[in-house]
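Have a look at the structure below, then the notes.
The values are calculated or read from the model by the stated rules, or taken from the named source; none is laboratory data. Since we're looking at a predicted model, the values are computed, not measured. Cβ: placed from backbone, ideal geometry, glycine included. Neighbour counts: every protein chain shown. The area values use the complete protein model at the heavy-atom level, side chains included, leaving out ligands, DNA and RNA. Shrake-Rupley method; radii C 1.70, N 1.55, O 1.52, S 1.80 Å.
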Amino acid sequence: MAGSAAALFFVPMAASALSAGSAAGATPSNENTNGVLKYGFDINDEFSNFDPATETNDCGYTVMSLLYQSMTAPGQYAISGGVAKSWTISPNAETVTFTLRPGIEFSNGQPVTAADVSASLLNTKKSPLRSSLSAIQTITSPNPETVVVQLSRPTAGDFLWALSYIDGSIYPASTIPTAATNPIGAGPYVLKSYQPGSSIDLVKNPHYWDSAAYPLKAIDFVQVGIGPQAVSAITSGAVDMISLDPEQYTEVEHDSNIGTAITQSYDYITLETRNNTAPFNNVKVRSALEYSVNRAQINKVVFAGVGRPAYQPFPSNSPGYNKTVGNKYVYDPTKAKAMLAVAGYKHGVPFKLEVPSGDTTLQRLATVMQSEMAAAGFNASIQLIPPSDLLTDVYLHGQGNALLSANLTNGPDISNTFESEYEPTGFPAKYLGTLDLAITPDIEAANASDAASLQGPLMQKVGAIVMAQGLETPIEFEPSIIAYNKSVVGGNVVAPIGQCRSDLAGIYVKK
Amino acid sequence: MGSGGSLLSFIVRRLIITIPLLLLISFGVFSLVLILPGNPALLLAGGIHSTPAEVAKITVQLHLNEPFWRQYLRWLNGIIHGNLGRSLFNGNPTVASGIAERFPVTLFLAIGGMILSILIGIPAGIIAGVRAGSASDRLVTVGSSLGVAIPDFWLALLLVIVFAVDTHVLPALGYVEWGTSPWGWFQHLLLPWLALGLGGSATIARQVRGALIDTLDQDYMRTAVAKGLSPRRVIGKHALKNALSPAVTVIGIQFGYLLGGTIIIEQIFSLPGIGEYILTAISVKDLPVIQGVVLVTATAFVLINLFVDVIYGYLNPKVRLG
């Protein structure tokens, strides 16, 4: 299974880089060729260190993706080349043969070799956080340009998607001991300086294979916390670009000096229920829950109307979107109440809803949901819980009946969304009782391929079962929002699909 | 000589008391952190992707499976040898290096805030105390009441809006090393200093005002005036020395508070100090960092109090008897 952190995210950046690179040529007349972009980033909470094997915070990918070139690069619906120019998958989906990109070099000028690829993947594999690599059985190199990875299970497709993330970062074998503080990669930028809790400064990598795609001479990541501080940072000019939450978006959307870019992500807020104990061990109760949330209203009130209601686990532009399910589960409190009565809960269902503290979006959402669900017969008592205690208290110790959480997906790697939730090896599946053996074969079949044409129909089927069984209650597809200073930032600003990433290809600083 | 010897023995007595106090603090810090909910081994083992075997392996690696007393003695042994341990995350740097990197920022912040508090608070308190009941006294009283009532985080946000967002006079956040740019360093710390210092100055002003009014009401002050001493000499030489004694205690306590209590201000202004360091550590249950920072902060607080006691003992010989 590729349920590693790697598989949690979808990464459009490299694809943008490729397109930007191909379009690059003439320098815009207003481009400052020595431009330094100040990018607001929560270094304290979203970054750990530069070593792909020990990085414990997936949001570190925002920076890491600029330092390291991964084996593959993600695109809108397919994977493209990174360190590997191309690859083939064996018919049994257990062997992947990579052809390395000719002439690719690390930032220190050293050529990227098959030995480096092997050393990187085997080293990163040691990290329990990168479980997607646990499928690696052997890595061989029949010639300097070719790397053959033998997997222990038929998950080649999922493996390839994972390699587009931190898991697939390639670094020189000799730098493994110092990677945490002195990263050497083949990405578009090089670390210049790092001040813990304050700044991470990058400068352009002169050896990058697609240098034209990244006009910025340097990028300074500046510590900015989430929330109101992000707004003051962008409006005061302390940073030139920053990712915003929907609450903050409304504060800058009418500011004539600030530009915004919104991309609809595959990440979604979901209500995970404890399906192995009452009341949610009753499928009728769970089905009623699907009708008890007014997703359209939530999108309007909590997400400023810039997200998308999630009536199923995949958005309408995904190959996994099931047209038959469509928007079937619209808010219908009367129907939900009737279903609860049939299930033996005619006086309603009281339950404890766990909500991560410190996440204002989730807290606002919980309050709105509480009122909506009350009309449908679900009486939720909200309990705030520190995020660091979620694993132990909610999963291990069984606190609460449901958990409101953000399901960070790997975008187009659509089968990955369900791995940890519904496969026997999954952590939530084990502790929340969401395992459903009826859908496991379809998830595994989808893992074998990286093609949306194969994964799509399988996931449509799985999505329909998830909703019919009420295995979870998807609420809202989260918008990815970027704000930037119009007088400073040039180029086509695109918000990355999903959280914890940056998309800086083609961006420049104006004169 | 007699007075000096007495002061010396006073210092020695206080130092002796400090040792068991620090031991008690170390025990308290270790105990509190261990009973916190959450499990760092689970996070390190991959969170929701972890396996029981991996969690068990990391639990052993971190010695979390050992009895409490053994873990405490292991940690204490490290402390005695100057080893605060290593962070469980971030590539495992030493806690000492993490504190060393961040402590100067917090120290500059606290010193600057304290200086501002003193520069504003003492003169304001003297003016109000000497002219009790006058318009300037009322102004200081109202101002200091507001200063005490307004939370420093609210003041900080207000300062950011006025001086950074609206007027772009000062930076809203961030930190520049003194060595990189002294002017940049000053600019980035000015708003945090104001946010911390204005509240502190209000407390000091109230303290000085009250003490000065009490002192000026004493018989020996009237005697000094009756002897024909000038008001400047009466206040400057006789009244202030007594009136400032309690203020010294307040200043000492406030400085200790600033060293350990600037978390919110550091967050608002994105300053890479101790507060940010421990907050991040708490969020991921980085036990060695939490223990190290709390211990160092508590030790600093104890030492500052010791220093204050010594000054107080110098100003008021009577307390040395205790």
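Annotations for the structure displayed:
- In this entry, A:TYR165 is excluded by the filter for residues that are modelled with pLDDT of 95 or more and within 23 Å of A:SER48 (Cα to Cα).
- For the stretch B:38-50, the criterion of a residue being of a type outside the set (Val, Ile, Thr) and more than 24 Å from A:PHE50 (Cα to Cα) is satisfied by at least one position.
- Taking the stretch A:425-511 and the helices (runs of 4 or more DSSP H) fully enclosed by it, the elements with 2 or more residues that are open to solvent by 30 Å² or more (accessible area, probe 1.4 Å), out of contact with any Lys or Arg (no Cβ under 9 Å at 6 or more places or on another chain) and within 27 Å of A:LEU404 (Cα to Cα) are at A:452-469.
- For B:SER136, the conditions (1) in contact (Cβ under 8 Å) with a residue 40 or more places away in the chain; (2) in a helix (DSSP H, G or I) all hold with the exception of (1).
- Scanning the stretch A:205-241 for residues that are touching a strand residue (DSSP E or B) at 6+ places or on another chain (Cβ under 6 Å) and away from chain B (no Cβ under 11 Å) returns A:ASN205, A:HIS207, A:PRO215, A:LEU216, A:LYS217, A:ALA218, A:ILE219, A:PHE221, A:ASP240, A:MET241.
- Checked against the criterion of being in contact with a helix residue (DSSP H, G or I) (Cβ under 6 Å, 6 or more places away or on another chain) and over 16 Å from A:GLU290 (Cβ atoms), the stretch A:335-355 has at least one qualifying residue.
The rows are residues; the columns are (1) crowded, with 21+ Cβ neighbours inside 10 Å; (2) under 26 Å from B:GLY252 (Cα atoms); (3) not assigned by TED's automatic domain parsing to the domain that holds B:GLY112.
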{"site": "B:PHE186", "(1), (2), (3)": "no, yes, no"}
{"site": "B:LEU190", "(1), (2), (3)": "no, yes, no"}
{"site": "B:LEU196", "(1), (2), (3)": "yes, yes, no"}
{"site": "B:SER201", "(1), (2), (3)": "yes, yes, no"}
{"site": "B:ILE204", "(1), (2), (3)": "yes, yes, no"}
{"site": "B:LEU212", "(1), (2), (3)": "yes, yes, no"}
{"site": "B:LEU216", "(1), (2), (3)": "no, yes, no"}
{"site": "B:MET221", "(1), (2), (3)": "no, no, no"}
{"site": "B:ALA226", "(1), (2), (3)": "no, no, no"}
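- Check on B:PHE153, away from every other protein chain (no Cβ under 14 Å), within 30 Å of B:ILE263 (Cα to Cα) and surrounded by fewer than 20 Cβ atoms within 10 Å (Cβ to Cβ): no
- Number of residues in the stretch B:267-287 that are under 16 Å from B:PRO40 (Cα atoms) and more than 9 Å from every other protein chain (Cβ to nearest Cβ): the value is 4.
- Of the set (1) within 13 Å of chain A (Cβ to nearest Cβ); (2) touching a Leu at 6+ places or on another chain (Cβ under 7 Å); (3) assigned to a helix (DSSP H, G or I), all apply to B:ILE290 but (2).
- Annotation: A:SER174 fulfils all but one of (1) assigned to a helix (DSSP H, G or I); (2) surrounded by fewer than 18 Cβ atoms within 10 Å (Cβ to Cβ); (3) of a type outside the set (Asp, Glu); (4) within 14 Å of another protein chain (Cβ to nearest Cβ); the unmet one is (4).
- Of everything in the stretch A:188-203 that is touching a residue at least 24 places away in the same chain (Cβ under 8 Å) and closer than 9 Å to A:ASP220 by Cα, the residue that is farthest from the other protein chains (Cβ to nearest Cβ) is A:LEU202.
- Matching helices (runs of 4 or more DSSP H) fully within the stretch B:1-119 where at least 1 residues are within 14 Å of chain A (Cβ to nearest Cβ): B:2-34, B:40-44, B:52-61
- Members of the stretch A:22-75 found to be in contact with a Gly (Cβ under 8 Å, 6 or more places away or on another chain), hydroxyl-bearing (Ser, Thr, Tyr) and within 14 Å of chain B (Cβ to nearest Cβ), listed by number: A:SER48, A:THR54
- Sole residue being assigned to a loop (DSSP other than H, G, I, E, B), in contact with a helix residue (DSSP H, G or I) (Cβ under 7 Å, 6 or more places away or on another chain) and open to solvent by less than 60 Å² (accessible area, probe 1.4 Å), chosen from A:VAL325, A:VAL368: A:VAL325
- Of the residues making up the stretch A:375-397, those that are more than 15 Å from A:ARG286 (Cα to Cα) and more than 14 Å from chain B (Cβ to nearest Cβ) are A:ALA375, A:SER381, A:ILE382.
- Some residue of the stretch A:331-339 being assigned to a loop (DSSP other than H, G, I, E, B) and more than 30 Å from A:ALA233 (Cα to Cα): yes
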